[in-house]
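First the structure, in the form of C-alpha cells, and then the observations on it.
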Amino acid sequence: MRALHLLVGLAALTGVVMELVVAVTDGPGLAPTHAERLVRLFSYFTIQSNLLIAGVSFALAGDPRRDGPVFRVLRLDALLCIAVTGIVYNTVLRGLTPLAGAGPVANTLLHGVAPVAAVVVWLLAGPRPRVSSRTVWWSVAYPVAWLVWTFVRGAVTGWYPYPFLDVTELGLAGALVNAALVAVVFLVLAWGVRWADGRLPATDRSPHAR
C-alpha cells in the first residue's frame, strides 16, 4: 500500500515540478511579470489538485492508516479534484490550453497518469471506509473557494485559467453555467465515492475506521 501511494505522489509532484522549473527559468512568458506568471501557475486547478493528491498520497505512504476528520476531507478532496482535473482536461481542454511549460510529459503526468493512478490506488488500497455524508459536504468547500478566487481575481486582472470560465469571452452568466456544470460533476463523483466507500472491501478494519 505504501508503495502505491508513493507512486501517485511522485507522479503528481513530478508534473508540478516540471512546470514550476520552466516557469522559474523561462521568464514571464505571456504574463506581464515573472511574479504574475508564478501566481497564474498556482492558480490552475490542475496544479492545485496535483499538489493536493501528492501531499495526501505522501502522507498515506508514511502511514496508510492515517485518519482524522480533517484528513478524511483532504483525502476525499484530493481524489475528487484530481479526477475532475482528468475528466475536464481530456473532455474539454485537450489541445486548447496546454500548461505553458514542460510539454507533453508534464501534461501526461498532470492530466493523465496522476488522475488515473489516484483513482486506481483508491480502489485498491483506500483507505476505506472513510467517507460520510458530512465528509462529502465539507469537501465542497475547497472547490467553491477556488471558484470564488478565480472569478474575483479574473475580474481584477482580466485573466482566467480556463476558457470555459473566461467571463471576458463568455459573459458572467455563461461562465457561471459552466462552473455549475463542473460542480455537478464534482458532486456526482463525491456521492459516487460515498456510495462505493461503504460497499467496496474495507482496507482498514481498525475500530476508528468508520
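Can you tell me, using C-alpha contacts under 8 Å and at least 6 residues apart, the relative contact order of segment 39-100 as a whole percent?
Reported relative contact order: 40 percent.
Using only the alpha-carbon atoms, how far is helix 2-25 inclined from the longest principal axis of the chain? Give it as 0 to 90 degrees, nearest 10.
10
Using a 1.4 Å probe and counting only protein heavy atoms, arrange His34, His5 so the residue with the most accessible area comes first.
Ranked from most to least accessible, the order is His34, His5.
Taking Cα atoms, how many degrees apart are the long axis of helix 114-125 and the longest axis of the chain, rounded to 10 and kept between 0 and 90?
Around 10 degrees separate the two axes.
Based on the Cβ-Cβ distance from Leu200 to Val144, what FRET efficiency comes out when R0 is 25 Å, to the nearest 0.05?
About 0.35, to the nearest 0.05.
Stick to the Cα atoms of segment 149-210, pair each with every other, and give me the Kirkwood hydrodynamic radius in Å at one decimal.
14.3
By how many degrees, 0 to 90 and rounded to 10, does the Cα axis of helix 69-88 deviate from the longest principal axis of the chain?
Once rounded, the angle reads 50 degrees.
Could you tell me the relative contact order of segment 1-139? Use alpha-carbon pairs under 8 Å, at least six residues apart, and round to a whole percent.
Dividing the mean separation by the residue count of segment 1-139 yields 37 percent.
Set Lys and Arg Cβ to +1 and Asp and Glu Cβ to -1, take the dipole of segment 12-164 about its Cα centre, and tell me which of Leu30, Val120, Met18 lies farthest positive.
Checking the options against the dipole of segment 12-164, the answer is Val120.
Subtract the Cα-Cα distance of Val24 and Asp67 from 0.36 nm times their separation in residues, and report this length gain in nm to one decimal.
Contour length minus Cα-Cα distance gives 11.9 nm.
Counting only C-alpha contacts under 8 Å and six or more residues apart, can you give the relative contact order of segment 1-71 as a whole percent?
Relative CO of segment 1-71 lands at 50 percent.
The values are calculated or read from the model by the stated rules, or taken from the named source; none is laboratory data. None of these values were measured; they are calculated from a predicted model. Neighbour counts are summed over all protein chains in view; Cβ atoms, including those assigned to glycine, are modelled from backbone coordinates with ideal geometry. The area values use the complete protein model at the heavy-atom level, side chains included, leaving out ligands, DNA and RNA. Shrake-Rupley method; radii C 1.70, N 1.55, O 1.52, S 1.80 Å.
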